[in-house]
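Have a look at the structure below before the remarks.
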Ligand SMILES: Nc1nc2c(ncn2[C@@H]2O[C@H](COP(=O)(O)OP(=O)(O)OP(=O)(O)O)[C@@H](O)[C@H]2O)c(=O)[nH]1
Ligand SMILES: [Mg+2]
Ligand SMILES: [Zn+2]
């Protein structure tokens with residue numbers, strides 16, 4: 001039988017088959033491509049299983065080819081990666097101006113990752129009740145719209161804990177799709193998920209007042225079915241997202257505003273840093289590339305450099 005992994009706890013996987021949830025495990029060694037992974041199977045994977053004779057459980061025989069996945073470096077094991085989730089239609093990044101603060105640099109890293117995985121991304125500003133009406137908040141929101149909307153990213157503004165009817169804003173966006181929810185710890189991922197899927201009852205927790213840092217209430221990814229069809233995947237808060245082994249001459253491909261001008265630089269291997277005849281630098285000066293985005297480009301470029 002075929003099912004979709006909705007949760008993994010140690011060596012057991014919860015697999016959804018039609019409306020049923022079956023506990024399944026892997027038997028023996030499992031051959032993966034060339035990836036060094038801490039988890040052979042991730043939430044969102046489609047698997048083939050055999051029922052265990054005389055038991056309610058099953059054994060996973062094969063993973064169906066992944067359409068895509070999001071991955072990050074393992075925090076526990078050097079040179080290993082961890083698949084956060086697979087077979088996604090889109091990724092939603094929850095961001096907050098405060099409690100905790102999400103920087104534009106972080107947003108850009110996230111978007112480079114999703115661009116490199118070819119997964120459409122949506123930005124959702126949460127906790128609008130805290131700063132939607134303040135001067136500082138208005139300025140921050142204005143910048144956010146100015147930078148990201150021209151690039152084609154949609155921006156939604158919500159207060160997950162306060163808004164009465166979030167289904168109205170999200171149904172059209174999420175119906176029938178598999179959507180990953182990501183963002184720093186404490187931005188309200190589980191709060192939003194609980195509003196959209198009340199029976200999920202994911203635990204949520206106040207952001208620590210002292211550090212304004214989340215405390216990682218959600219500790220593993222889990223997939224939940226939306227009432228109108230489609231799935232939402234709640235994930236633990238992240239400090240850093242993705243960005244694995246992007247070649248330096250590849251990085252600009254994941255900035256949509258740069259992509260448009262690639263191939264127009266004087267040198268074919270232009271890094272768009274200080275080379276003469278660089279079209280990206282020219283567009284930056286003309287105001288067609290936002291300085292904040294270009295800054296992120298340089299930061300990621302130099303950071304990836306230091307890993308080489
Ligand atoms: N003021 C305000 N607080 C909110 C809002 N949404 C969520 N919160 C609060 O923010 C805190 C953190 O929310 P969670 O949903 O646990 O955050 P999370 O992103 O799931 O965090 P992790 O599981 O640690 O990654 C909780 O105290 C929520 O009640 C909002 O719109 N406004
Ligand atoms: Mg959570
Ligand atoms: Zn260039």
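The values are calculated or read from the model by the stated rules, or taken from the named source; none is laboratory data. These numbers come from a predicted model, not from an experiment. Glycine also receives a Cβ, built like all others from the backbone with ideal geometry; neighbour counts cover every protein chain displayed.
Here are some notes:
- Matching option when the condition is modelled with pLDDT under 95, more than 20 Å from the chain's Cα centre (by Cα) and away from ligand 3 (no atom under 11 Å from the Cβ), among 292, 306: 306
- Which numbered condition residue 103 misses (of (1) in the same structural domain as residue 153 (by TED's automatic domain parsing); (2) surrounded by fewer than 23 Cβ atoms within 10 Å (Cβ to Cβ); (3) touching a residue at least 24 places away in the same chain (Cβ under 8 Å)): (3)
- The one condition in (1) over 26 Å from residue 302 (Cα atoms); (2) assigned by TED's automatic domain parsing to the domain that holds residue 180; (3) out of contact with any helix residue (DSSP H, G or I) (no Cβ under 7 Å at 6 or more places or on another chain) that residue 51 fails to fulfil: (2)
- Inter-residue pairs, beta-carbon under 6 Å, first outside the structural domain of residue 152 (by TED's automatic domain parsing) and in the range 274-299, second within 16 Å of ligand 2 (Cβ to nearest atom) and modelled with pLDDT of 95 or more, 6+ apart: none
- Screening the candidates 76, 109, 72 for the property of being in contact (Cβ under 8 Å) with a residue 24 or more places away in the chain, part of a helix (DSSP H, G or I) and closer than 27 Å to residue 7 by Cα yields one hit, 109.
- Filter result (at pLDDT 90 or above and part of a loop (DSSP other than H, G, I, E, B)) within the range 5-52: 18, 41, 42, 43, 44, 45, 52
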